[in-house]
Amino acid sequence: MFKAFLNTFIGSFYDLLPIIVVIGFFQFAVLQQPIPNLLEILIGSFFVLIGLTLFVQGLEMGLFPLGESLAFAFAKKGSLTWLLLFAFALGFGTTVAEPALIAVASEAAKVAAEGHVIEATQQARTDYAFGLRLTVALSVGFAIVIGVLRIIRGWPVQYLIIGGYIGVIVMTFFAPPEIIGIAYDSGGVTTSTITVPLVTALGVELASSIRGRNPMVDGFGLIAFASLTPMIFVMAYGMIG
């Protein structure tokens, strides 16, 4: 356990090293200024390193094995209905819990109130943020269902992705201007710390469990759907609302 943690710690340090080098270069070589609150920054950076290490270790010990075992169990069960329900629930549940989405939805509600798009009350901001989160979560649940069907049926991923982005481009011309940026950002924040590990594990293990499917070819691509559908759903949310 300690050896695995140490290896993850070293790997996390190397992952953060380019950021440290870039910040140090511009601070000392370009701005030519000392770093303010150096001790606090060093302590904070150490906490970031520890947090990243624990997060990666947790993924490897918990979320990845959990996603793989559930996908394998549902594939062996042989019920398409239960598999699709599980896929939708997984996409919906992980997205609702995404910290990045919660932060973006809250900020969007605040800006919408300041821009007089909604009433400048706490209840209006709460309802707007919740509606945005619910819309994105539903879209990701739908996306994972489509992705699972693609793996099962063997549909080419490129045609579905191209068709989806054509839909995004078309809807951009009709959606309210104030919702377009939020919709585009929603596609990014959904694929974050909680969603990606479980959804990736689901796709890879499902492809591994189905005869004739290649995990490298068919197991990946679910995250692309999870990034695409929120843009469509959020623009539709803006057009309807």
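The values are calculated or read from the model by the stated rules, or taken from the named source; none is laboratory data. Treat the numbers as computed from the prediction; the structure is a model and nothing was measured. Note that each Cβ is placed from the backbone with ideal geometry, even for glycine, and that neighbours are counted across all protein chains shown. Keep in mind that these areas ignore ligands, DNA and RNA; they rest on the heavy atoms of the full protein, side chains included. Shrake-Rupley method; radii C 1.70, N 1.55, O 1.52, S 1.80 Å.
If a residue counts only when it is open to solvent by 30 Å² or more (accessible area, probe 1.4 Å) and within 28 Å of Met171 (Cβ to Cβ), which helices (runs of 4 or more DSSP H) contained entirely in segment 181-241 have at least 1 such residues?
195-209, 222-240
Being under 26 Å from Thr229 (Cα atoms), out of contact with any Phe, Trp or Tyr (no Cβ under 7 Å at 6 or more places or on another chain) and open to solvent by less than 40 Å² (accessible area, probe 1.4 Å) is true for just one of Leu59, Leu83. Which residue is that?
Exactly one of Leu59, Leu83 is under 26 Å from Thr229 (Cα atoms), out of contact with any Phe, Trp or Tyr (no Cβ under 7 Å at 6 or more places or on another chain) and open to solvent by less than 40 Å² (accessible area, probe 1.4 Å), namely Leu59.
Do you know which residues across segment 51-80 are in a helix (DSSP H, G or I) and more than 22 Å from the chain's Cα centre (by Cα)?
Answer for segment 51-80, where residues must be in a helix (DSSP H, G or I) and more than 22 Å from the chain's Cα centre (by Cα): Phe72, Ala73, Phe74, Ala75, Lys76, Lys77, Leu80.
Identify the residue in segment 20-50 that is within 23 Å of Thr193 (Cβ to Cβ) and touching a helix residue (DSSP H, G or I) at 6+ places or on another chain (Cβ under 9 Å) and, among all such residues, is least open to solvent (accessible area, probe 1.4 Å).
For segment 20-50, the residue satisfying everything is Leu49.
Restrict the check to segment 21-41 and report whether at least one residue is more than 20 Å from the chain's Cα centre (by Cα) and closer than 30 Å to Leu222 by Cβ.
no
Is it the case, given these coordinates, that Leu83 is in contact with a Lys or Arg (Cβ under 8 Å, 6 or more places away or on another chain), assigned to a helix (DSSP H, G or I) and among the hydrophobic types (A, V, I, L, M, F, W, C)?
yes
Taking segment 104-118 as the search range and keeping residues that are out of contact with any helix residue (DSSP H, G or I) (no Cβ under 7 Å at 6 or more places or on another chain) and charged (D, E, K, R), which one is farthest from Tyr184 (Cα to Cα)?
If we take residues in segment 104-118 being out of contact with any helix residue (DSSP H, G or I) (no Cβ under 7 Å at 6 or more places or on another chain) and charged (D, E, K, R), then Glu114 is farthest from Tyr184 (Cα to Cα).
Can you go through Leu138, Leu101, Leu134 and tell me which one is buried (at least 17 other Cβ atoms within 10 Å of the Cβ), more than 21 Å from Pro215 (Cβ to Cβ) and out of contact with any helix residue (DSSP H, G or I) (no Cβ under 6 Å at 6 or more places or on another chain)?
Leu138
Do you know which residues across segment 36-53 are out of contact with any Leu (no Cβ under 9 Å at 6 or more places or on another chain) and of a type outside the set (S, T, N, Q)?
The answer is Pro36, Leu38, Leu39, Glu40, Ile41, Leu42, Ile43, Gly44, Phe46, Phe47, Ile50, Gly51.
Looking at Ile161, Ile152, which one is more than 21 Å from the chain's Cα centre (by Cα) and surrounded by 15 or more Cβ atoms within 10 Å (Cβ to Cβ)?
Ile152
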